[in-house]
Amino acid sequence: MKTKPRLVQKVEHIQLRDDNSFCLVVVSDTHSKPHHRAHELIRCLQPDAILHAGDVGDLTVLDNLGSICPVYAVHGNIDQHSTRLPDTLILEVHSEENLVLRILTLHIGVYGAKLRSEARYQAQVAEASVVVCGHSHIPFIAKERGIVVFNPGSIGPRRIGLPIVFGVLQISGQNFRLKHIDCETGELWKPPFF
């Protein structure tokens, strides 16, 4: 009987700026080949940190992003197991006084547009208010049972019909906003309306 490998979870603590703001760029599914404009667009945002939601591919992708600011990442289904990439990551964002936001990151977190039961359970146990996941390459922002679900999309090779985008989580005081940036135009990306 084959045993399931033990999940590796990591917790990281990050601090808001002195003005209680923070810019977190969220990427996923680079598959060793990030879009040629991604690095430049991310650098222009002057983020405090970058979060990669898995399917990194060649780990030099993380090193290149690390030339901009600190990078946190999780293991995706195409990534070889490495002590460098945990299966899940909890980012705790703190102000001087208290915890502002707890983010659970894992590669596969949704089924369709709904949180998978194991992802919801992990978020509840971690007391995370945001779940970041990749895998589908489909950018979206949703809220389910009080948990915000954020898929940044993919900055890797295009899948048919999907945009090449990344996410931004902007914190100001106790509030946060989420958005997507289109790598091809450099503009705010919004889903098409039919």
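The values are calculated or read from the model by the stated rules, or taken from the named source; none is laboratory data. Note that the coordinates shown come from a computational prediction; the quantities given were computed from them, not determined experimentally. Because the Cβ atoms are built from the backbone with ideal geometry, glycine has one as well, and the counts that use them run over all protein chains shown. Side chains are part of the model used for accessible areas, which takes the heavy atoms of the whole protein and leaves out ligands, DNA and RNA. Shrake-Rupley method; radii C 1.70, N 1.55, O 1.52, S 1.80 Å.
Once you sort the root eigenvalues of the Cα gyration tensor of region 17-128 as a ≥ b ≥ c, which label holds: rounded (a/c under 1.5), prolate (a/b larger than b/c) or oblate (the other case)? Display every interim value, and only then the final one.
Working: a/c = 1.85, a/b = 1.03, b/c = 1.79.
Oblate, since a/c reaches 1.5 and b/c is not below a/b.
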At most 10 other Cβ within 10 Å, DSSP loop - trypsin sites (Lys or Arg not before Pro), region 1-64: Lys2, Arg6
Counted charge near Ser21, where neighbours are those whose Cβ lies closer than 14 Å (Asp, Glu -1; Lys, Arg +1): -2
Residue-wise HN-Hα coupling along region 109-115, computed from phi with Karplus coefficients 6.51, -1.76, 1.60 (Hz; x: Gly, Pro): x, 10, 10, x, 9, 10, 4
Accessible solvent surface per residue of the chain, calculated while the other protein chains remain in place, 1.4 angstrom probe, Å²: 54
Residues with amide H under 5 Å from that of Leu51, placed H, sequence gap 5 or more: Val25, Val26, Val27, Tyr72
Loop-located GluC sites (Glu not before Pro) in region 20-118, at most 12 other Cβ atoms within 10 Å (DSSP): Glu96, Glu97
Sulfur and carbon atoms: percent of accessible area, the chain [1.4 Å]: 52
Fraction of antiparallel bridges per DSSP, the chain only, in percent to nearest 5: 60
Candidates per trypsin sites (Lys or Arg not before Pro) in region 87-194, loop by DSSP, up to 10 other Cβ within 10 Å: Arg145
